[in-house]
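Comments concern the structure below.
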Amino acid sequence: MNLINLHDYEAAAQTCIERAAWDYYQGGSDDEVSLRANRTAFERIRLRPRMLVDVSSIDLSTTVLGTPVSMPVLVAPTAYHRLAHDEGECETARGVGAAGTLMAVSTFATRSLEDIASCASGPLWLQLYTYGSLRRAEALIKRAEEAGYKAVAVTVDTPRLARREKDIRNQFRLPPGMGIANFTAAEQSQHYIPEPLPLTWKDIDFLRSITSLPILLKGILTAEDALLAVERGIEGIIVSNHGGRQLDGALAAIEALPEVAEAVGGRCEVYMDGGIRRGTDILKALALGARAVLVGRPILWGLAVSGAQGVYNVLEILRRELELAMVLSGRPTLASIDRSLVKVM
């Protein structure tokens, strides 16, 4: 197969994944307006390239919450990697480590936090859903600390799960023998995802009090909430609409990014996920205030097609595309990328 971009990997992955699992990975909520907007919003952002700049050397390396990574492209938390590959998140971690970047591990992983850490050569964050009680969340955070995870990304946009109609039609369930590895057997139910525990700012304060790990809030879309996060000393914000899987009609992440970045004003690190498919998408996000982006579905496509090698290949495609976009726009370093590079139509 001549897989030269992420769209090629998407087409190839669809032939490797069972239909209901594919719909689970790809689907959004309700009419999937926000799912589509995550892509189409990038088309309204145009680049303003500068010429006659020395671009003979391009440096993509950066840090995220003080952790060095090879490029401003991280792996977003996504559930149930064993639907794409028998080794699941362990195989993903191998590919991410080979690319020299960071993986955020979902609470709904099909391999345990500890197993994933044992396979990872790169840094890990824990993505946290709260379920049952905050004490259960505390236990998961403590396990992550002991396994060497670098931060906790708390998903805040799921006070209740949205209606994902493809999953309802498919009556989606995990297949026999596959479970949520970080839940006990007693905690797992017949449902494919347990209902999360709704959070408030008071709960965020509690989570801060029980760990020394940096905390990020994933799912912030407004300046108002970004300011509240900064006031509480939150170390990072991930601007996200949950891949179009929660509130349908919500802002695309790239649309929300500028107001969040402006409100934060450098007082915490800002990231975004949702709809990244090209190096130019990454460049636009960096210009609008993201320190790095997180990529979700394309990683699953690479995993399904060729395991760790596919994950690595997807990340390397994005690396090469970002480097070329920086060359062609006259921005040789990440520090040289700023708001003047883009015009929102």
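All of the numbers you see were taken from the coordinates with simple rules; none came from a lab. Not measured: the values here are computed from a predicted model. So basically every Cβ, Gly included, is an ideal-geometry build from the backbone, and we count neighbours across all protein chains shown.
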Phi-derived 3J(HN,Hα) across the stretch 163-170 with the Karplus relation (6.51, -1.76, 1.60, θ = phi - 60°), rounded Hz, x for Gly and Pro, is 7, 10, 5, 4, 5, 5, 4, 7
Rg from C-alpha atoms of the stretch 6-331, normalised by the globular rule of thumb 2.2 N^0.38 Å, equals 0.94
Using a Cα-Cα cut-off of under 23 Å, which lysines could be cross-linked to K142, ignoring same-chain neighbours fewer than 8 residues away? K150, K202, K218
Interchain or long-range residues, amide H under 5 Å from I237's placed H: L217, E269, V270, Y271
Note the direction-averaged projected area, equal to a quarter of the hull surface, for the Cα convex hull of the stretch 85-182, in nm². 7.2
For L294, residues with placed amide H under 5 Å, excluding near neighbours: L74, M272, D273, G274
Looking at the chain, what % of its DSSP beta bridges pair antiparallel, to the nearest 5? 20
Dipole of the chain, Cα-centred, from +1 at each Lys and Arg C-beta and -1 at each Asp and Glu C-beta, to the nearest 20 debye? 380
Mind listing the long-range amide H neighbours of G132? Cut-off is under 5 Å, sequence gap 5 or more, other chains count too, H placed in the peptide plane at 1.01 Å from N. L197
Stokes-Einstein D for the stretch 210-272 (4 °C, 1.567 mPa s, Kirkwood Rh from Cα pairs), in µm²/s, comes to 111
I need the peptides 240-249, 158-167 ranked by packing, meaning the mean over residues of other C-beta atoms within 10 angstrom, with the highest value on top. 240-249, 158-167
Just from its helices, what would the mean residue ellipticity at 222 nm be for the chain, if runs of 4 or more DSSP H residues each count -39500 (n - 2.57) and the sum is divided by every residue, rounded to the nearest 500 deg cm²/dmol? -12000 deg cm²/dmol
Under Karplus coefficients 6.51, -1.76 and 1.60, residue-wise ³J(HN,Hα) of the stretch 262-278 in Hz, glycine/proline x: 5, 5, 5, x, x, 7, 8, 7, 10, 10, 8, 9, x, x, 5, 10, 9
Mean-square fluctuation check for the chain, GNM, Cα pairs under 10 Å: which of I254, I17, I237 is largest? I17
